[in-house]
Amino acid sequence: MAFRSLVLGDKNQDFGHILENIVYLELRRRGYLVFVGKSGNQEVDFVAFKGTDTEYYQVLLSVLDEKTLKRELGALESINDHNPKFLITLDPFPVTSHNSIKQINALDWLLQK
């Protein structure tokens, strides 16, 4: 993130992509192999593999807008397996579940494990 700021400066920062990069780096630090996924015509931000475990992640700043929440959940809901699915945001809510998709604040998630 420091190199990005050095090259681009502080203006026009896309905090959504910065948050995605932080989550990606943390997944790698936790020992996961991480890929971008696709479910139908929707993108899943991260498909993370560790041993025989698979987890799915959508990462964005906020899902306070109902349309955004529906779109982001749709990508995860279209995956027809029972592996853990996470929606990571900066929204200041306690851990919430949307049909078994766990929504968690990014800072809380980063402090886990």
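Across segment 68-113, what is the number of residues that are of a type in the set (Lys, Arg), within 18 Å of Asp45 (Cα to Cα) and not in a strand (DSSP E or B)?
2
Across segment 80-93, the qualifying residues are those that are in contact (Cβ under 8 Å) with a residue 24 or more places away in the chain and either over 15 Å from Asp53 (Cα atoms) or of a type in the set (S, T, N, Q) (or both), and the one among them that is surrounded by the fewest Cβ atoms within 10 Å (Cβ to Cβ) is Asn83. Here Val36 clears all of (1) of a type in the set (A, V, I, L, M, F, W, C); (2) closer than 22 Å to Asp108 by Cα; (3) surrounded by fewer than 19 Cβ atoms within 10 Å (Cβ to Cβ) except the condition numbered (2). All of Leu60, Leu76 fail the test of being surrounded by 10 or more Cβ atoms within 10 Å (Cβ to Cβ), touching a His at 6+ places or on another chain (Cβ under 9 Å) and in contact (Cβ under 8 Å) with a residue 24 or more places away in the chain, apart from Leu76. Hey, can you tell me all the residues within segment 24-65 that are at pLDDT 95 or above, in contact with a helix residue (DSSP H, G or I) (Cβ under 7 Å, 6 or more places away or on another chain) and not in a strand (DSSP E or B)? Of everything in segment 24-65, just one residue is at pLDDT 95 or above, in contact with a helix residue (DSSP H, G or I) (Cβ under 7 Å, 6 or more places away or on another chain) and not in a strand (DSSP E or B), namely Glu26.
The values are calculated or read from the model by the stated rules, or taken from the named source; none is laboratory data. Keep in mind the model is a prediction, meaning the values are calculated, not measured. Quick reminder, even Gly has a Cβ in these numbers, built from the backbone with ideal geometry, and neighbours come from all protein chains shown.
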